[in-house]
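Some notes on the structure that comes next.
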Amino acid sequence: MSDANRSQAAARAADPAETRLRDEIVRTGALLYARGLAHGSAGNLSVRLDDGSILVTPTNSSLGGLDPGRISKVTLDGTLLSGDPPSKEAFFHLAVYEERPAACAIVHLHSTGAVAVSCLCHADTSNVLPPLTAYQMMRVGKLPLVPYFRPGDRKLADAVRAAARDHKAMLLANHGPIVAGRTLQDAVHAYEELEETAKVFFLIGNRPSSPLTCEQIDDLQRHVPS
C-alpha cells in the first residue's frame, strides 16, 4: 500500500460516519448501474458530510465499479482534500449544496427516459413534465429545464444555482436530471420516480390524459411533507 493509500485508509478509519457514507455511495452506484439507470462512466453521486465537505464520485469512474477509498473528498469551493480528482461535473453539485442547506445528497444520471424529455422542445421550461401522479409531485415536484451548456462549462453552475433555489430537481437540456435529497436514498428514490414518470409521459403520448388538478396538488402539499 502506498503512503497516499495508507493516509486515505487511516482517515476513513478515523471517521466511521464518513466510512459508512463512502460505502453507501459504492452500493448505490452499483445498484443504479445494475438497474440500467447509469451506463459507462456517465453520471455522478455526492453526499455532504457533517463538517460541510463533500464526497463525490471521481472523474471517469463507472458507478458500477466504485472504490470507496478513491472517492473524492472536496470542500464546498471545490478544493480536493483526498481521493482521486472529482467528477468534472462536481461544480454543479456544489452549486446545489450552496443553495439548498437541507440537501445532503445529489444524484445526476443520464437515464434514457429523462434524457429524452430533456431533448424535447418545451413551450414552458418552468415545468417540463405534467403532474401525472401523486408520488411524482411528492418526490420530484416541478421540474424546470435548465438551458444547454456544453459538458464542463462552468457557466452552468449559475444556471443550476438559480434553479436550485426553488426546486429539488431540475433537468439539464440535452443532458439529464439533477436531483437533491436529505439523504442519498431519498435522492435516489426521487430520481427513480422522475425516470418512471418520464416513461409514463412517453407511453401516454398524444392520448387524452388526466393530470392532477391544481386543487389536488395543493391538497398533497398541505398533507404530505415535501
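The values are calculated or read from the model by the stated rules, or taken from the named source; none is laboratory data. Please read all numbers here as calculations on a predicted model, not as lab measurements. Backbone-built Cβ (ideal geometry, glycine too); neighbour counts: all protein chains shown.
Taken together, the criteria place residue 109 among residues that are closer than 23 Å to residue 171 by Cα, at pLDDT 95 or above and surrounded by 20 or more Cβ atoms within 10 Å (Cβ to Cβ).
Looking for whichever is assigned to a strand (DSSP E or B) and under 30 Å from residue 209 (Cβ atoms) here; the options are 180, 163, 114. Which one fits? Of the residues listed, the single one that is assigned to a strand (DSSP E or B) and under 30 Å from residue 209 (Cβ atoms) is 180.
Which of the following residues is in a strand (DSSP E or B) and either over 16 Å from residue 178 (Cβ atoms) or touching a His at 6+ places or on another chain (Cβ under 7 Å) (or both): 55, 76?
Details: 76 fails: in a strand (DSSP E or B).
Exactly one residue qualifies, and that residue is 55.
Here residue 103 meets each of (1) touching a His at 6+ places or on another chain (Cβ under 9 Å); (2) in a loop (DSSP other than H, G, I, E, B); (3) crowded, with 22+ Cβ neighbours inside 10 Å with one exception, condition (1). When you scan the stretch 203-210, do you find a residue that is hydroxyl-bearing (Ser, Thr, Tyr) and assigned to a helix (DSSP H, G or I), even just one? Looking through the stretch 203-210, none of the residues is hydroxyl-bearing (Ser, Thr, Tyr) and assigned to a helix (DSSP H, G or I).
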